[in-house]
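Have a look at the structure below before the remarks.
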Amino acid sequence: MAQGHRPDRVGDQIREILSELLSRGAVHDPGIGFITLTRVKVSADLQVAKVFYTSLGDDKARRETSRALERATPFFRRHVGSRLQLRRVPELEFRFDESIAHQDRIEQILRDLHAHDAGPDDGAGDQPPAAASPPHAATTTPPTDDE
């Protein structure tokens, strides 16, 4: 299994090449907004490279970026092929990276939990437990339903 790390190395090289093309402004498609390439996952046979990215904006901007990347795929593939020493240039598939959104959601939940544990938000909803009150407070005035 001498080639176990080769797909990872090729993926890193592809990500570097694509990042350089995007940061230089070599792609003249206005639909490609501000994107970040998060990772490139290459198949074991080096035939397919899934390029994961994130972008700023709402769903409409995300769809436009996706279409623009699909239009620019042949351009990207030509440049990758000219820079990599591979027998066959991998097919590039651009995919929006959902894992970043999931990480943000988890971090927001953790922040909310820490804020909740740090103290009450408005002071009305959180009362100390009954065991924390003095023992004589519970026995001085029992509630009566008959009155």
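Here are a few things to note about the model shown:
- Along its principal axes, region 1-64 has C-alpha extents of 43, 24, 16 angstrom, given from the largest down.
- A simple packing score, the average count of other Cβ atoms within 10 Å per residue, orders the peptides 108-116, 47-55 as 47-55, 108-116, with the highest score first.
- Here the residues SER99, SER66, SER23, ranked from fewest to most Cβ neighbours within 10 Å of their Cβ, fall in the order SER23, SER99, SER66.
- Fewest-first sequence of ILE106, ILE100 by Cβ atoms within 10 Å of each Cβ: ILE106, ILE100
- Neighbour counts of other Cβ atoms within 10 Å put PHE34, PHE75, PHE94 in the fewest-to-most order PHE34, PHE75, PHE94.
- Taking label positions 7 Å along the Cα-Cβ direction at both GLN47 and GLU70, the computed distance is 2.3 nm, reported to one decimal.
- Once both labels are positioned 7 Å from their Cα atoms along Cα-to-Cβ, the gap between LYS60 and GLN103 label points is 2.9 nm.
- Kirkwood analysis of region 11-120, using all unique Cα-Cα pairs, places the hydrodynamic radius at 15.5 Å.
Laboratory data are not the source of any read-out in this text; all were calculated from the coordinates shown. Owing to the predicted nature of the structure, the values given are computational and were not obtained by experimental measurement. All Cβ positions, glycine included, derive from the backbone under ideal geometry; neighbour counts span all protein chains shown.
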